[in-house]
Amino acid sequence: MAQAVSWSRREFLRAATGASAAGALMGFAPLRAWAVPQGRKAIVVTFGGGARDEETFMPDGLENIPHLLTELIPRATFFTQVINRGILGHYVATASLVTGVYEKFNNFAAVPPDNPTVFEYFRKDLRRPAHDAWVVAPSNGFNRIGESGDRGFGPGLGAGVILPKRLLTAALASGEGVQYEHLLRDNYESPLFTPDLSGSEIELKQLSEILKLSVADFTAHARSLASPDELSVFIARQLMRQLAPSLLWITLHDMDIAHSGTYSLYLDGIQRSDRLCGEIWKMIQSEPEYAGKTTLFILPDFGRDSDTDAGGNGFQHHRTGDPVSRTTWMMVIGPGIRENVVVDRPVESTDLVPTLGSLLGFSARRAQGKPLTEVL
């Protein structure tokens, strides 16, 4: 089933973009002889609440992903078969992406990953300062994702984590929240899990000092935005302009509104994520600290249920653990990356961290995955 999903994506991309198979084009030869820019940077964008092929990489889904299809995939190496063998909950699955190990904690627990994160490998091996690695996450349940619970690895080496919803909550005066309700809803998957949205004066100080953004300007801009993901990308842009971190991780979560059971809102989330990915790539090209030396990775954390699986709920959930839920995709775009190339072989979600290590020059020694030779 997973292989069939992969081939279906490959054939669709070949018809839609003229993409070539990597094996036929380059024989999977590594790219080590290619020029690697000095001061290389990496940005990872994940989709919390992956979109199904029916709404994306199928003819009926074309209209939902115009930026991915026309602007990004023609410039990228695209992996059609990325398998997630872990727990299909958004926080724990993203933590697995961040560590390169399938984490096993309760998805709704306020705990850090058990294994060292990509940020700790990056900062420890390359002796990078704290301001060089950041996470922007829309859900407050992600507040512990920047640093692992592995004290033996060394405390204080994680990424800074910015939760835009919590910043916005802290910035609002009493009674103002009603104007921002569409930006503050935190969790679509379980109404029983409602993490604290309270902010603090320290976080507001971070907003003004690190991001060079006043509280008034932040709230005024937020009022013009349509979703939490737009708020996250706004914060990411401020980080890029003010600190230019070498390793930036952005989680998008709008499409997980599928849990509400409203198909039109789910499609809106896909279309918005598509547009924001295009905006992030344009941001990379327009910022002098990033242009020409940044590799962008885009991937869902996992998929969603099939309409034909009796044990699932179709687009609404990701409960079955079947191949459709576990087989997702990834695109890699940037300097030295082969363009308009499709890779069909099965790879795993845990391969991301070792690949980042090979690109940036650190050892992901505890990760379970392997570096992807097609982009190295």
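A few notes on this one:
- Test: residue in segment 79-92 that is outside any helix (DSSP H, G or I), without any contact (Cβ under 8 Å) to a residue 60 or more places away in the chain and aromatic (Phe, Trp, Tyr): no
- The set of residues in segment 107-152 being open to solvent by 30 Å² or more (accessible area, probe 1.4 Å) and not in a loop (DSSP other than H, G, I, E, B) consists of Lys124, Asp125, Leu126, Ala130, His131.
- The set of residues in segment 166-209 that are in a loop (DSSP other than H, G, I, E, B), among the aliphatic types (A, V, I, L, M) and at pLDDT below 85 comprises Ala173, Leu192, Leu197.
- Residue within segment 106-118 that is out of contact with any helix residue (DSSP H, G or I) (no Cβ under 9 Å at 6 or more places or on another chain), farther than 18 Å from Val353 by Cβ, of a type outside the set (S, T, N, Q) and modelled with pLDDT under 90 present: no
- Residue list for segment 221-237, restricted to those being of a type in the set (A, V, I, L, M) and part of a loop (DSSP other than H, G, I, E, B): Leu225, Ala226
- The sole residue among Val36, Val98, Val45 that is among the aliphatic types (A, V, I, L, M), modelled with pLDDT of 95 or more and not in a helix (DSSP H, G or I) is Val45.
- Failed criterion for Lys124 (all others in (1) among the basic types (Lys, Arg); (2) within 29 Å of Glu181 (Cβ to Cβ); (3) more than 18 Å from the chain's Cα centre (by Cα) hold): (2)
- Test: residue in segment 286-301 that is over 30 Å from Ser358 (Cα atoms) and surrounded by fewer than 16 Cβ atoms within 10 Å (Cβ to Cβ): no
- Filter result for His318 (open to solvent by less than 50 Å² (accessible area, probe 1.4 Å), modelled with pLDDT under 95 and under 20 Å from Ala159 (Cβ atoms)): no
The values are calculated or read from the model by the stated rules, or taken from the named source; none is laboratory data. Please read all numbers here as calculations on a predicted model, not as lab measurements. FYI the Cβ positions are ideal-geometry reconstructions off the backbone, even for glycines, and counts take in every protein chain you see. Heavy atoms of the whole protein, side chains included, go into the accessibility calculation; ligands, DNA and RNA do not. Shrake-Rupley method; radii C 1.70, N 1.55, O 1.52, S 1.80 Å.
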